[in-house]
1. Name every residue in the range 245-285 that is buried (at least 18 other Cβ atoms within 10 Å of the Cβ), at pLDDT 85 or above and of a type in the set (Gly, Ala, Ser), in order of residue number.
2. Looking at (1) in contact with a strand residue (DSSP E or B) (Cβ under 6 Å, 6 or more places away or on another chain); (2) open to solvent by 50 Å² or more (accessible area, probe 1.4 Å), find the lone condition where residue 348 falls short.
3. For the range 170-185, which residues satisfy the criterion of being buried (at least 24 other Cβ atoms within 10 Å of the Cβ) and outside any strand (DSSP E or B)?
4. With open to solvent by less than 40 Å² (accessible area, probe 1.4 Å), under 34 Å from the mean Cα position of the chain (by Cα), more than 30 Å from residue 475 (Cα to Cα) and at pLDDT 95 or above as the only criterion, which of 330, 353 stands out?
5. Does the range 448-487 hold any residues that are of a type in the set (D, E, K, R), open to solvent by less than 90 Å² (accessible area, probe 1.4 Å) and not in a helix (DSSP H, G or I), and which are they?
6. Spot the failing condition for residue 84; the list is (1) in contact (Cβ under 8 Å) with a residue 60 or more places away in the chain; (2) over 27 Å from residue 196 (Cα atoms), and only one is missed.
7. Which condition does residue 132 not pass, out of (1) in a loop (DSSP other than H, G, I, E, B); (2) open to solvent by less than 30 Å² (accessible area, probe 1.4 Å); (3) at pLDDT 90 or above; (4) within 16 Å of residue 174 (Cβ to Cβ), if it passes all the others?
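The values are calculated or read from the model by the stated rules, or taken from the named source; none is laboratory data. All of these numbers come straight from a predicted model, not from anything done at the bench. Please note: Cβ atoms are built from the backbone with ideal geometry, for glycine as well, and neighbour counts cover all protein chains shown. These area figures cover heavy atoms from the full protein model, side chains too; ligands, DNA and RNA do not enter into them. Shrake-Rupley method; radii C 1.70, N 1.55, O 1.52, S 1.80 Å.
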Amino acid sequence: MRLDPIRREVSAKLDRKQRSALGQFMTPTHVADFMAGLFPPIEKGNVRLLDAGAGIGSLSAAFLERWIRDGWGAGHVGVTAYEIDLVLRARLADTLTHYAEAYPVTREIRDTDFIEDAVNRIQFQDAQRYTHAILNPPYKKINSQSRHRHLLRQVGIETVNLYSAFVALAIALMQTGGQVVAIIPRSFCNGPYYRSFREFLLSRMAIRHMHLFDARDKAFQDDDVLQENIILLLERGGDQGDVMISTSTDDSFADYRVHAHPFSRIVLANDPERFIHVPAGAALETSDLPDAFSHSLVDLGVEVSTGPVVDFRVKNDLCELPEAGTVPLLYPTHFSGQTIEWPKVGGKKPNALRLNPETKKSLYPTGFYAVVRRFSSKEEKRRLVAALVSPESFESAYIGFENHLNVFHCAKQGLPEDLMRGLVAYLNSSMVDAYFRCFSGHTQVNATDLRRMRYPSSQTLKKLGRWEVKQERISQETLDKKILSLA
């Protein structure tokens, strides 16, 4: 049963703003089929399938199609599907009825809030345990004081987004050996906000397979979703072994690649944050840095901070071009390769900030700094883009860094030129970009992520910086070879 035409028809009729606000994005058929294909074969017994946030039933249909096609030995499939939207629920009923009329399939469609219903059933020990779950949950933040957050805490789940709440509840509702396949944002893999969820998942489930789309806007391209998504296969109570890591550019899976990785490289044994590293793209073969690059920023005497100037808070002090009584203000738009082009005439962003007692609190003394853009555009393959800020470019005692930049400094002061040049070169290498993407689940680059990265020694970075300044033009290949020669 092909549901893509129905999905597009229904999607066009739904209010786009409402769907975006609720985080509702329906699963394309190719993605649903791939997800269903991740489940291991069922040898015998009945199946109890959970589909929370079911939409029109694309995921349940993909699961049932595989059950029929592959001749699984299960005698009966009972589907429990949750959907609160009236329009989607009507289509869901049609989808499941199609299978129930021809095969040993029973369906239960629940029009209740999944979080509330699941929490109640878990608390009152009325929870049916499922053998399988297939999920494309909603993507929406949960306020810390919201009713959903309060309900989740009652069953020991602490998380900040509906997608992780749905997955955690599905995990709680699985029987031992139960399998969960879910497509969710990769953002849960790192960062402090999802630490509790990672601990909840890793303490109960074995990770069997992770699939990542290299093009982060392709999984739900019909809905213009700019979100890096990951597909997980998890097993309740299973012994953790190697993890299959696969990638494809998009949902055609035409360039599908898969490799087995030891779990020790996915979650580091000594990592208290329980970050989940996902080797992807070029990082499938180079998912780690050389042992020589094992230093922290603390070892280097370097700090990194988010740019302190929030432009809407100093709106009245912004100037399109520098003038008397102003200081340079740098945005990501001032990047030009690995250097800064300032001022940028005719750009969309201001170039200067008036100097006064209030703005001075957010300024740094002019010096050598390394800056990294916090956000990359969807057209760019790189996540890390670094540039050198040189004092010779400015005739000012102070400089402002806007909030969309990360700044490497020492106690809000500049650092030696050779160290900063070496750091910029290192951050712009292909190897480091691939490594960063292994553990960073965000489509943005946070200062916290940069702090957790590994770096060469100060002496090595200075050596690299002295080499870099002598080069007229450095190709990516030349830079990458130089970095490797220092390992």
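1. The answer is 246, 248.
2. (1)
3. The answer is 170, and nothing else.
4. 353
5. 454
6. If we test residue 84 against (1) in contact (Cβ under 8 Å) with a residue 60 or more places away in the chain; (2) over 27 Å from residue 196 (Cα atoms), just (1) comes out false.
7. Checking residue 132 against (1) in a loop (DSSP other than H, G, I, E, B); (2) open to solvent by less than 30 Å² (accessible area, probe 1.4 Å); (3) at pLDDT 90 or above; (4) within 16 Å of residue 174 (Cβ to Cβ), the one that fails is (1).
Each row is one residue, and each column tells you yes or no for (1) modelled with pLDDT of 90 or more; (2) at negative phi; (3) surrounded by fewer than 20 Cβ atoms within 10 Å (Cβ to Cβ).
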residue: 158; (1), (2), (3): yes, yes, yes
residue: 161; (1), (2), (3): yes, yes, no
residue: 168; (1), (2), (3): yes, yes, no
residue: 189; (1), (2), (3): no, yes, no
residue: 201; (1), (2), (3): yes, yes, no
residue: 214; (1), (2), (3): no, yes, yes
residue: 223; (1), (2), (3): no, yes, yes
